[in-house]
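Written below as structure tokens is the structure these notes are about.
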Amino acid sequence: MSTRTKWTAINRPDSDVARAAAEDEARIGQFRELVFRLRSEAGLTQAELARRMGTTQSAIARIEGGGARPSLDTLERLAAAVGKELVVGVGDSLSENRSIAKLVRDGHAVVRAAS
């Protein structure tokens with residue numbers, strides 16, 4: 001079981017807990033935007049994307065609303081559903097394309113057009 005964090009620890013902008021929470025929320029926001037952008041670019045409704053991903057429309061709405069944390073499985077199914085390739089790496093494993101390598105180093109998943 002995880003330890004509960006007191007509000008006073010979170011409410012201090014300089015605390016490690018507050019910083020970690022803000023980074024987590026930023027990642028969720030980026031994921032929300034990614035799902036919406038990929039779905040829109042593919043010309044899909046939430047229901048159509050859900051069907052392709054093997055989930056429900058309400059799950060897609062939760063993701064796009066920022067109420068769900070991305071898992072690797074979700075990212076893989078999202079990429080496949082919109083005809084993209086999911087690229088995940090660590091460090092300089094993608095050094096031939098430094099912009100992707102930097103995103104990966106910073107902990108971001110990268111979705112690009114399938115080759």
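The values are calculated or read from the model by the stated rules, or taken from the named source; none is laboratory data. Because the structure is predicted, anything quoted here is derived from the model rather than measured. No Cβ is skipped: glycine too gets one built from the backbone with ideal geometry, and neighbour counts run over all protein chains shown. All accessible areas refer to the heavy atoms of the entire protein, side chains included, with ligands and DNA or RNA removed. Shrake-Rupley method; radii C 1.70, N 1.55, O 1.52, S 1.80 Å.
Filtering the range 23-70 to residues that are open to solvent by 60 Å² or more (accessible area, probe 1.4 Å), under 28 Å from T5 (Cα atoms) and assigned to a helix (DSSP H, G or I) leaves E23, E25, R27, Q30, R32, R62.
Restricting the first member to the range 27-40 and to residues that are over 16 Å from R52 (Cα atoms), and the second to residues that are assigned to a helix (DSSP H, G or I), the beta-carbon pairs closer than 7 Å and six or more apart or on different chains are R32/I63; R32/E64. Taking the range 13-22 as the range and being not in a helix (DSSP H, G or I) and not charged (D, E, K, R) as the test, the residues that pass are P13, S15. Residue pairs whose Cβ atoms lie under 8 Å apart, sitting 6 or more positions apart in sequence or on different chains, and linking a residue in the range 72-99 that is modelled with pLDDT under 70 to a partner that is small (G, A, S), are V88/A109; G89/A101; G91/A101; D92/A101; S93/A101; L94/A101; S95/A101. The number of residues in the range 71-88 that are farther than 19 Å from I28 by Cα, surrounded by 14 or more Cβ atoms within 10 Å (Cβ to Cβ) and not β-branched (V, I, T) comes to 3.
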